[in-house]
Amino acid sequence: MEINVDFLVSGCNTQCKHCYVNGGPGPLMQTDDALACIEKLDQIAAFFPQGMSFTLDHEPMNHSEIGKILYAASHTKHITNYHHGMTTGLGLMSRSDKEAVIQAYLENGYNEFGITLHGVCAHHDEIVNRKGAFDKAIAAARFLSQMGCRVQISLMVNRFFAEDAGQLSRLIDDMNVNDIYFAIPIFTPHAKMMRFEPYRVTLETFEKIRRYLPGWRQDAEEILERARKNSVGEAEEKLQSIDLHSLWTEKQDTLYLSLHQDCMLYVGNSGVETQALGDLRKLEPEIAAEVIRNLPGNSDYGAFYDVENLPGMENVREAIMALPQDLVYGDFPSILYRAFVDLGIPTKLLSKI
Ligand code: SF4
């Protein structure tokens, strides 16, 4: 089973509507703690020859001593640091030592960075709940490019794209971008997710942005087909061939853990934690490895809702039929989770951490 630890060294500067994060650069994990946790994860990873990785998250560039942490992260023996490289740019661009920060990344083998765009200017700022965020993201992308980094843009689609597509295209043409990704937000059942629903993309939005997709280096037909397949209107047909109980009891091959700034290790990706495993600094590696080995995978379904609480299929069908049929989600499970919210199905998620 693949194991990944979402390692939160510092907070994020934004409060995206689809994210559970409260926003703000803090709290920071103390540097000594971060180094001790990397060492401890490396010791635990020695018991998992099939591989174990961690991701420095949310916004590591907010950390005052990120260089030391990157050095330790890139010099482990057993565990791999999976660098997702996404940044809002807000932390980086407010630093007086930004060249040194990026130099530290480059020296430790991390040269790819990505920014996510949710539209242009005011629309982007509205989705991420932070005024000026769009300008900082663009400034960061240009700065990273000048520093010799590979720069990627992730276009996270929402209803604003219908209006913003032309400006987004001109912006992309003007920037030195290496790769462009296109993402349709999924739905995970954390408490804040419903804030994003009024912005969720519809099939009509896709029709309006269709002509811009090739310029964003996307296969328009493939994306429109994906959107159609994951629209609410298509979900009813899928329901006829699935059995919720089987989905919930299927073996999952990825286990997500998260490590918070106070060094507490949890089961579940950040934002959807289901169980506290303890203070990583104090865990004995062999015992921790044994506990982790016995955990089931948690990338979907059973990670969020107990099988005992599953609603009846007829109720699910009715809840889905009551949703706007042209809404589009990143995947099919998202539509089930969205319906579960309306049905009041309790989640397994820890509410206070
Ligand atoms: S989605 Fe990413 S950038 Fe947005 S608030 Fe959450 S962690 Fe920060």
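A compact table of results
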item: Test: Ala34 is in contact with a Ser or Thr (Cβ under 8 Å, 6 or more places away or on another chain), crowded, with 20+ Cβ neighbours inside 10 Å and at pLDDT 95 or above; result: no
item: Residue within segment 52-66 that is among the small types (Gly, Ala, Ser) and part of a helix (DSSP H, G or I) present; result: no
item: Any chance Val128 is under 21 Å from the mean Cα position of the chain (by Cα) and farther than 30 Å from Asp97 by Cβ; result: no
item: Test: residue in segment 69-77 that is free of Cβ contacts under 8 Å to residues at least 40 places away in the same chain, in a helix (DSSP H, G or I) and open to solvent by 10 Å² or more (accessible area, probe 1.4 Å); result: yes
item: Which listed residue is at pLDDT below 95 and not charged (D, E, K, R), from Ser334, Ser270; result: Ser270
item: Residue that is of a type in the set (Asp, Glu) and either more than 20 Å from the chain's Cα centre (by Cα) or more than 15 Å from the ligand (Cβ to nearest atom) (or both), where the choices are Asp57, Asp97; result: Asp97
item: Candidates Glu314, Glu284, Glu273, Glu318 - the one that is surrounded by fewer than 18 Cβ atoms within 10 Å (Cβ to Cβ), within 19 Å of Trp248 (Cα to Cα) and either within 25 Å of the chain's Cα centre (by Cα) or free of Cβ contacts under 8 Å to residues at least 60 places away in the same chain (or both); result: Glu314
item: Qualifying residue in segment 78-86 (condition: open to solvent by 50 Å² or more (accessible area, probe 1.4 Å) and of a type in the set (Ser, Thr, Tyr)); result: yes
item: Segment 121-150, residues that are crowded, with 23+ Cβ neighbours inside 10 Å and more than 14 Å from the ligand (Cβ to nearest atom); result: Ala141, Leu144
item: Residue satisfying all of: in segment 44-54; hydrophobic (A, V, I, L, M, F, W, C) and more than 18 Å from the chain's Cα centre (by Cα); most open to solvent (accessible area, probe 1.4 Å) among these; result: Phe47
item: Index of the failed condition, His83 passing every other in (1) in contact (Cβ under 8 Å) with a residue 12 or more places away in the chain; (2) more than 16 Å from the ligand (Cβ to nearest atom); result: (2)
item: Number of the exception - Thr188 against (1) modelled with pLDDT under 95; (2) open to solvent by less than 20 Å² (accessible area, probe 1.4 Å); result: (2)
item: Of all residues making up segment 191-216, the number that are open to solvent by 20 Å² or more (accessible area, probe 1.4 Å) and among the aliphatic types (A, V, I, L, M); result: 3
item: Residues (among the hydrophobic types (A, V, I, L, M, F, W, C) and in a loop (DSSP other than H, G, I, E, B)) located in segment 274-324; result: Leu283, Leu295, Phe304, Leu310, Ala322, Leu323
item: Residue satisfying all of: in segment 15-40; assigned to a loop (DSSP other than H, G, I, E, B) and within 18 Å of Ile66 (Cβ to Cβ); farthest from the ligand (Cβ to nearest atom) among these; result: Gln30
item: Any chance Thr116 is within 13 Å of the ligand (Cβ to nearest atom) and in a loop (DSSP other than H, G, I, E, B); result: no
item: Of all residues making up segment 96-120, the number that are surrounded by 15 or more Cβ atoms within 10 Å (Cβ to Cβ) and not hydroxyl-bearing (Ser, Thr, Tyr); result: 14
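The values are calculated or read from the model by the stated rules, or taken from the named source; none is laboratory data. Small disclaimer: the values here were computed from a predicted structure and weren't measured. Virtual Cβ from ideal backbone geometry, glycine too; neighbours counted across all protein chains shown. Surface areas here come from the heavy atoms of the whole protein model, side chains and all, with no ligands, DNA or RNA. Shrake-Rupley method; radii C 1.70, N 1.55, O 1.52, S 1.80 Å.
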